[in-house]
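Take a look at the structure set out below.
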Amino acid sequence: MILNKTTLKALFDDMTSTEKVAQTIQVNGDLVGEGSLKTGPQVDLGFSRGFDFNTAGSVFNVTKPDQLRALQKKAIEESPHHIPYLFMADVIYGFRTIFPIPLAQAGSFDFDKLKKAAQVTARESYNNGIHCLFSPMLDLSRDPRWGRVLESPGEDVYTAKAYAKSIVQGYQGDDGDVSMPGRVAACIKHFAGYGAPEGGREYNTVDMSTQRLFNEYLQPYQAAIDANCQLVMTAFNVLNGTPATGNRWLNRDVLRGRFGFSGPLISDYSAISELQSHGMTTSVEESAKTALIAGVDMDMMTSVYANALPQLIRQPEFAKLLDEAVWRLLVLKNKLGLFEDPYRGLTTTNTGEVLRPEDRELATRLVEESVVLLKNEDVLPLRKGKSVALIGPYADSRLTLGFWASVTGNPMDTVTLREGLKQSYSDEQLTVAQGFNLFESYSNLGAYQHILEKVNGPLQDEQKLIQLALTAARESDVIVLTLGEQFMESGEAASKAHLALPMREKRLLKALADLHKPIVGILYTGRPLVLTDIVPYLNALLVAWYPGTMGGVGIANVLTGVASPSARLSTSFPRSEGQIPVYYAQNTTGRPMGQNNHSERFISRYIDEANQPLFGFGAGLSYASSVAHWQTPSITDNGVLLPYVVTNNSDRSAAVVVHIYVHQPASPIVPPEKRLVDSEFLILAARETVETQAIINQSDLSFFDNKGVSHFQSGNYEFILDVQGQEEKTNIELGGFKQ
């Protein structure tokens, strides 16, 4: 149950200004108790003496039920109006059952399964006392140097929008009623444009045109708001000269006015105090004023609001802004049912149930659908009866969850690839060798040093590891080599200028290649890497990403043919860093390659590199061969109906991902060469043909100009049907639609 508006308003009206200010403060567990994971800079926050943290509005990243219950009990007892804490956490792609990273999930294009995975995450979070999750992250990203591409749905607008809807509805339910047991509130982030920092450098400046902002980067956030997400988090970055956390136009005119968002807007970690660091403000007082005017309701992990608002709200216009902020926060707590049940999910009989067998099975299926097969010279699936040398540190490592899983995940839950392959291979058939050290050193890992050393074990002599790997390889028929980044190399504050694999990995690969045996590469990573110089040494390449708790089983199922790979890249892999940003939906230039009358030199190209990425968006192979063909399209009242048939030409059942792209007619705002407007995930039996269709609405084909005004361009539209990289085109003339 929730309070009626009259009762909630009476409580609000009876609050003192001190209580109201306290509601706008979010702190981690260090300030109210023990048990918080630090995910930001640790500094003296400078709260004024006497500030009562037990009356603060929210606590984040305390995730143990007994600690949360104790904190909530103290907050209710010491708050004059018994207002409960709002508990939030960095739960990004799983609470305890860890699913593949978002960059991998998005490439499955199985948005129904993504929604089910989000439901598991919501239930586990709820059962452990969490109310709101700092996810999904919806920052479109086309620069793999940026570490947080790991938690992004990738480079494509359509994919990010579909991902946004799936995760928000998975957390909150289709009806958005977050008071229901097993549901949590989604806090989307980071508003806005955070995924396009200059140079791919974390927290850096973002500068883009209005039309690009509206046509591309704002679209996933709006999709989440349309799905009724309950919270939004501001971005760290400057956007077109103004820090997002102090940007009134962005947060009030666009987020609230244009998109219709009415829930709380929370700053990211210390973002309000960083308005001074940006050079936008010169004092704590000015930072508080700027953020409040911009519409930021909650100050995460700074003392700016706590110290400056008591004086500022003596002015009526700022007292009104504070009231608006506090009301939004109280409404959210009421939606969650916290006034009726402040211990939601923390009942004395609750065991905090996690890792149910059916959830582990779901995680396994999502691994199978998220790993991407990029090369296969008739090596996969592995032949029965062949002996396998499983080489590389990820072969038997439990550190395959990815950066953000360290908040609530447990690496000891992880099924390793070795354990997964043991389901199909005897000890005599499967030989394992480490090959190289996963970490070059533990000394630069800060607070994680001792934990990771304990889990990963001591570092060993590299030359000895290579020799042991070569011995194992010589005695086997096939080499399965695990490569990639250790998980601390991707995530927040993990920007990289160089995306090639370390020399120790290349050295091992080249030594193994000299044995002239088939090599299957398994790439563990949180971002696209530059693989141009290693792909020639591999007979097959499977991108495993960071696959989560059930990674070992899911990957083994794909390697052995129990499952056929179906995923397609949600982000492009560059040939070299010099191509970045690299993405498929680019504009055609005035002098495109192969379509102009200019000499070869004076066209839009590199003189020392190809224009195309090594592996582009949508790349992905299968063990089955499928084809698709258009049927006759037709115009509807508000769009176009595109029927088509898909056939599985192979003797095995398999999943297949269909992509539908559009090339639009000429317009004042130049359209991309093509862009994705629909997808479908199908499971086809052997030799099966299915008839299906896509409905593309006028809004899917419209575009924004540099004033943010939407337009539809009449003309000849070319739709491209793509299955396993094979394209078929159809054209249709579209004019005005009925409104």
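Listed values, structure above:
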{"read-out": "Selected residue [surrounded by fewer than 16 Cβ atoms within 10 Å (Cβ to Cβ) and not assigned by TED's automatic domain parsing to the domain that holds residue 98] from 525, 589, 549, 571", "value": "589"}
{"read-out": "Qualifying positions in the range 442-452 - small (Gly, Ala, Ser) and in a helix (DSSP H, G or I)", "value": "446, 447"}
{"read-out": "Residue match in the range 57-66 (condition: part of a loop (DSSP other than H, G, I, E, B), under 21 Å from residue 355 (Cβ atoms) and not basic (Lys, Arg))", "value": "yes"}
{"read-out": "Subset of the range 1-22 (residues that are modelled with pLDDT under 95 and surrounded by 13 or more Cβ atoms within 10 Å (Cβ to Cβ))", "value": "2, 3"}
{"read-out": "Top-ranked residue in the range 535-546 [being over 16 Å from residue 105 (Cα atoms) and of a type in the set (A, V, I, L, M); ranked as surrounded by the fewest Cβ atoms within 10 Å (Cβ to Cβ)]", "value": "535"}
{"read-out": "Subset tally (residues that are without any contact (Cβ under 8 Å) to a residue 60 or more places away in the chain and more than 30 Å from residue 668 (Cβ to Cβ)) for the range 574-595", "value": "3"}
{"read-out": "Condition broken by residue 566, with the remaining ones in (1) more than 30 Å from residue 416 (Cβ to Cβ); (2) of a type in the set (Ser, Thr, Tyr); (3) in contact with a Ser or Thr (Cβ under 7 Å, 6 or more places away or on another chain) satisfied", "value": "(1)"}
{"read-out": "Residue identified as of a type outside the set (A, V, I, L, M), surrounded by fewer than 24 Cβ atoms within 10 Å (Cβ to Cβ), in the same structural domain as residue 330 (by TED's automatic domain parsing) and within 22 Å of the chain's Cα centre (by Cα) among 176, 260, 200", "value": "176"}
{"read-out": "The range 379-424: number of residues that are of a type in the set (Asp, Glu) and free of Cβ contacts under 8 Å to residues at least 12 places away in the same chain", "value": "0"}
{"read-out": "Counted residues, the range 610-629 - those being more than 25 Å from residue 645 (Cβ to Cβ) and of a type outside the set (A, V, I, L, M, F, W, C)", "value": "4"}
{"read-out": "From 532, 482, residue being surrounded by 15 or more Cβ atoms within 10 Å (Cβ to Cβ), polar (S, T, N, Q) and in a strand (DSSP E or B)", "value": "482"}
{"read-out": "Selected residue (only one of 377, 353 is out of contact with any Lys or Arg (no Cβ under 9 Å at 6 or more places or on another chain) and either surrounded by fewer than 17 Cβ atoms within 10 Å (Cβ to Cβ) or small (Gly, Ala, Ser) (or both))", "value": "377"}
{"read-out": "Number of positions in the range 712-726 that are more than 14 Å from residue 638 (Cα to Cα) and either without any contact (Cβ under 8 Å) to a residue 60 or more places away in the chain or out of contact with any Phe, Trp or Tyr (no Cβ under 9 Å at 6 or more places or on another chain) (or both)", "value": "8"}
{"read-out": "Considering residues of the range 262-308 that are of a type in the set (S, T, N, Q) and in contact (Cβ under 8 Å) with a residue 60 or more places away in the chain only, the residue nearest to residue 235 (Cα to Cα)", "value": "270"}
{"read-out": "Which numbered condition residue 354 misses (of (1) closer than 26 Å to residue 440 by Cα; (2) part of a loop (DSSP other than H, G, I, E, B))", "value": "(1)"}
{"read-out": "Inter-residue pairs, beta-carbon under 7 Å, first at positive phi and in the range 43-65, second part of a loop (DSSP other than H, G, I, E, B) and β-branched (Val, Ile, Thr), 6+ apart", "value": "61/39; 61/407"}
{"read-out": "Residue in the range 434-441 that is outside any loop (DSSP other than H, G, I, E, B) and assigned by TED's automatic domain parsing to the domain that holds residue 547 present", "value": "no"}
{"read-out": "Single unsatisfied condition, residue 331 versus (1) touching a residue at least 60 places away in the same chain (Cβ under 8 Å); (2) in a loop (DSSP other than H, G, I, E, B); (3) closer than 21 Å to residue 180 by Cβ", "value": "(2)"}
{"read-out": "Residue match in the range 412-425 (condition: in a helix (DSSP H, G or I), of a type in the set (Phe, Trp, Tyr) and out of contact with any Lys or Arg (no Cβ under 6 Å at 6 or more places or on another chain))", "value": "no"}
{"read-out": "Residue identified as assigned to a loop (DSSP other than H, G, I, E, B), small (Gly, Ala, Ser) and more than 27 Å from residue 528 (Cβ to Cβ) among 154, 129", "value": "129"}
{"read-out": "Checklist (1) in a helix (DSSP H, G or I); (2) out of contact with any strand residue (DSSP E or B) (no Cβ under 8 Å at 6 or more places or on another chain) applied to residue 167, failing item", "value": "(2)"}
{"read-out": "Residue in the range 402-418 that is crowded, with 18+ Cβ neighbours inside 10 Å, closer than 21 Å to residue 470 by Cα and among the polar types (S, T, N, Q) present", "value": "no"}
{"read-out": "Residue identified as of a type outside the set (Phe, Trp, Tyr) and under 18 Å from residue 144 (Cα atoms) among 559, 538, 542, 529", "value": "529"}
{"read-out": "Residues of the range 687-737 classified as among the basic types (Lys, Arg) and under 30 Å from residue 209 (Cα atoms), total", "value": "1"}
{"read-out": "Set 284, 304: member being more than 17 Å from residue 194 (Cβ to Cβ), in the same structural domain as residue 85 (by TED's automatic domain parsing), surrounded by 24 or more Cβ atoms within 10 Å (Cβ to Cβ) and not charged (D, E, K, R)", "value": "304"}
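The values are calculated or read from the model by the stated rules, or taken from the named source; none is laboratory data. Remember, it's a predicted structure, so these values are computed and weren't measured experimentally. Cβ coordinates were reconstructed from backbone atoms using ideal geometry, including for glycine residues, and neighbour counts include every protein chain displayed.
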